Amino acid sequence: MFLVWLGERITERGIGNGVSVIIFGGIVAGFPEMLGRGFIARQNLGGLLVFAFLGLATVTVIVLFTEAHRRIPVQYARSQIRGGRMYRASGGTHIPLRVNMAGMIPLIFAMSVMIFPGTVASYFQANTGFSGDVARFIMRLFDANNVFYWLAFFLLVVAFAFFYTMVIFQEMNLGETLKKQGGFIPGIRPGKPTTDYLNRVINRITWGGALFLAMIAVTPFLARTVTNVQVLQLSSTGLLIVVGVVLDTMKQLEAQLVMRHYEGFIR
């Protein structure tokens, strides 16, 4: 309860989402311990260097895909009546469609689904006979050291990324919103053709976001397999949270500086 209260106070009086900042602090606080475990595996120096490279590459890719978006040009035509005469004015803007619109939600959904069978099977592993054999088989199948576990995790992340993105995008109803506001996409008729066009675009770019999330999800397994470093664990969810909180905080700081007529620091 105290952490929830503290998160709300940070959100109201600070910069950034308070709960996310607290989670960020908890993840970053574990980095020194990870460095300490790295000294245990210092005999495998080559594996440690490859592990560090994979970590930096993962952070870079997360930043790129978090900020990546497709800009859809939009034109607005407005009519105003002044003094008995009609004046037409036009303007242009764009709709930024994010490549990774789902965020880290697919990872959480997929992880919950993967944990559930093993958890249920663990209640029956002590049984004898057919039920016990099935329970132990399921536990081995959904063990984190099994290739099947990570393959299923990969596919579930892709599926949930499409599912969550489509649910969120359909709720926006951008085609009807643009039509009501007098906006249109150049070369596309307003109404249903605009909705169909936006659906095609979001379907294509979601493939990039879904595959990105799936690769980030299986990065811990790949890092452990390639480097043979067993004492270190590369948390894909933790890296997504850390990078997301840092980017969000930088944007809010930039907005505060620009609002107070400073130049800012993000170029």
For segment 70-82, pairs from a residue that is assigned to a strand (DSSP E or B) to a residue that is of a type in the set (Ser, Thr, Tyr) and at pLDDT 85 or above, with Cβ under 9 Å and 6 or more apart or across chains, are Ile72/Tyr197
Counting only residues in segment 193-248 that are of a type in the set (Phe, Trp, Tyr) and crowded, with 19+ Cβ neighbours inside 10 Å, the one nearest to Gly46 (Cα to Cα) is identified as Phe221
Give the residues of segment 148-171 that are of a type in the set (Val, Ile, Thr) and free of Cβ contacts under 8 Å to residues at least 40 places away in the same chain, sorted by residue number. Val167
Filtered residues of segment 116-146 (kept if touching a Gly at 6+ places or on another chain (Cβ under 7 Å) and either among the β-branched types (Val, Ile, Thr) or assigned to a helix (DSSP H, G or I) (or both)): Ile138, Met139
Among the residues that make up segment 199-206, is at least one of them at pLDDT 80 or above, touching a strand residue (DSSP E or B) at 6+ places or on another chain (Cβ under 8 Å) and among the polar types (S, T, N, Q)? no
Subset of segment 183-219, residues farther than 17 Å from His94 by Cβ and not in a helix (DSSP H, G or I), comes to Arg189, Gly191
Suppose we filter Phe65, Phe130, Phe148, Phe53 for residues that are modelled with pLDDT of 85 or more, of a type outside the set (Asp, Glu) and surrounded by fewer than 16 Cβ atoms within 10 Å (Cβ to Cβ); which single one remains? Phe148
Reported set for segment 172-231 where residues are out of contact with any Ser or Thr (no Cβ under 8 Å at 6 or more places or on another chain), of a type in the set (Val, Ile, Thr) and free of Cβ contacts under 8 Å to residues at least 12 places away in the same chain is Thr177, Thr225
Failed item in (1) closer than 22 Å to Trp207 by Cα; (2) among the small types (Gly, Ala, Ser); (3) more than 20 Å from the chain's Cα centre (by Cα), with Ala110 passing the rest: (3)
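The values are calculated or read from the model by the stated rules, or taken from the named source; none is laboratory data. The model shown is predicted, which means the values in this text are computed figures rather than measured ones. Glycine also receives a Cβ, built like all others from the backbone with ideal geometry; neighbour counts cover every protein chain displayed.
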